[in-house]
Amino acid sequence: MLFSSLKKGFLVGLKTTWTLGKIIFPVTLIVALLQYTPVLPWVIKMVSPLMKLLGLSGDAAIPLVLGNFLNLYAAIGAILTLDFSVKEVFILAVMLSFSHNLFIESSVAMKAGVKLWVVLVTRPGLALLSGVVINLVWRGGGETAKYGLIQPSTSPPDGVVEILTEAIQKAGLGIFQLAMIVIPLMVVIQILKDLQWLNKFSKTMSPITKTLGMKENTSTTMAAGLLFGLAYGAGVMIQAVKEDGVSKKDITLAFIFLMACHAVVEDTLIFVPLGIPVLPLFLIRLGVAVVLTLVVGTIWKRSGLVKGKDATYEQQNYDNSL
């Protein structure tokens with residue numbers, strides 16, 4: 001049985017890597033090239049007036065745009081090159097925790113069946129709302145932020161060839177990292193399924209998912225997103241939609257929760273070197289995720305959009321999307 005589980009999990013991992021790779025590679029390549037064109041400076045110039053509403057200086061547009069176009073590491077690299085107050089860095093950290101790597105993570109969310117408008121309303125919406133609220137509520141944090149462990153990135157590439165080479169390397173590395181996470185993860189998941197351990201885990205998680213308005217078969221999706229994030233956890237999420245019969249309602253609610261609170265270990269600890277309090281950052285994300293999911297689930301149920309048994313994704317539609 002072990003060999004069969006290993007084989008099936010490996011093949012599922014390869015298929016999932018290919019499915020996500022077709023999204024991640026071109027998106028990463030395009031965005032990596034855009035940072036050396038006038039596009040990013042133009043976007044930064046356009047959003048700079050919004051910074052005052054958020055209690056941020058105009059330079060804060062740089063890490064916000066880089067974080068949403070690229071990832072948290074690019075945003076932190078930009079923060080390290082600029083002088084911000086502790087309050088500004090905390091606002092940036094909360095906003096970027098809600099909304100980052102927007103192109104790739106939105107693409108994989110759509111692949112799992114979540115509507116694009118749900119992603120765009122939830123993630124940037126939470127980021128903007130959190131920035132405004134923190135700016136209005138917090139009166140302290142005016143001292144200059146002191147950065148510690150992380151150092152700014154090295155000098156940028158010189159010339160078209162070096163830029164293109166770096167972009168291809170980033171895209172290729174992204175696929176390699178994805179495979180190194182997704183394939184072993186799928187093997188482990190398959191072994192756990194064959195041993196019936198996932199059923200036990202689902203039953204353990206069922207009170208939590210039920211409280212949030214979801215069925216117990218959503219627990220695997222929730223765990224993957226919380227631990228690995230939307231991009232790397234998407235493989236498990238998509239597989240759960242395919243094999244576990246997760247309904248459209250439940251996968252949407254799960255992603256609403258995860259869009260507010262995902263990759264809780266990495267996305268929280270990554271801000272430690274910036275000298276900001278990370279426990280409030282984690283609690284804000286978790287609290288918002290719980291409240292938002294409960295509110296949306298309640299509204300959804302009371303509006304009559306969910307009647308009888310939730311319609312599940314059809315296998316044929318899923319296969320055709322690969």
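The values are calculated or read from the model by the stated rules, or taken from the named source; none is laboratory data. Since we're looking at a predicted model, the values are computed, not measured. Here the Cβ positions follow ideal geometry from the backbone for every residue, glycine too, while neighbour counts run over all protein chains shown. Heavy atoms of the whole protein, side chains included, go into the accessibility calculation; ligands, DNA and RNA do not. Shrake-Rupley method; radii C 1.70, N 1.55, O 1.52, S 1.80 Å.
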What residue, among those in segment 100-113 that are surrounded by 23 or more Cβ atoms within 10 Å (Cβ to Cβ) and outside any helix (DSSP H, G or I), is modelled with the highest pLDDT? HIS100
Out of all the residues in segment 58-77, is one or more among the acidic types (Asp, Glu) and either within 23 Å of LEU269 (Cβ to Cβ) or not in a helix (DSSP H, G or I) (or both)? no
Identify the residue in segment 123-158 that is small (Gly, Ala, Ser) and at pLDDT 80 or above and, among all such residues, is farthest from ILE30 (Cα to Cα). GLY140
Looking only at segment 283-303, filter to residues that are open to solvent by 40 Å² or more (accessible area, probe 1.4 Å) and among the polar types (S, T, N, Q); which one of those is farthest from the chain's Cα centre (by Cα)? SER303
Out of the residues in segment 267-276 that are part of a loop (DSSP other than H, G, I, E, B) and out of contact with any Ser or Thr (no Cβ under 9 Å at 6 or more places or on another chain), state the one that is surrounded by the fewest Cβ atoms within 10 Å (Cβ to Cβ). GLY275
Residues being among the hydrophobic types (A, V, I, L, M, F, W, C) and at pLDDT below 80: count how many of those fall in segment 202-238. 10
Residues to consider are PHE10, PHE84; find the one that is among the aromatic types (Phe, Trp, Tyr), out of contact with any Cys (no Cβ under 9 Å at 6 or more places or on another chain) and open to solvent by 20 Å² or more (accessible area, probe 1.4 Å). PHE10
Segment 32-76, residues that are under 13 Å from HIS100 (Cβ atoms) and of a type outside the set (S, T, N, Q): PRO63, LEU64, VAL65, LEU66, GLY67, PHE69, LEU70, LEU72, TYR73, ALA74, ALA75, ILE76
Restricting attention to segment 160-181, report how many residues are of a type outside the set (A, V, I, L, M) and at pLDDT below 80. 3
Of the conditions (1) closer than 26 Å to VAL132 by Cβ; (2) open to solvent by less than 30 Å² (accessible area, probe 1.4 Å); (3) modelled with pLDDT under 90; (4) within 19 Å of the chain's Cα centre (by Cα), ALA93 satisfies every one except a single condition; which number is it? (3)
For residues that are part of a loop (DSSP other than H, G, I, E, B) and open to solvent by 10 Å² or more (accessible area, probe 1.4 Å), scanning just segment 231-266, find the one that is farthest from ALA109 (Cα to Cα). VAL265
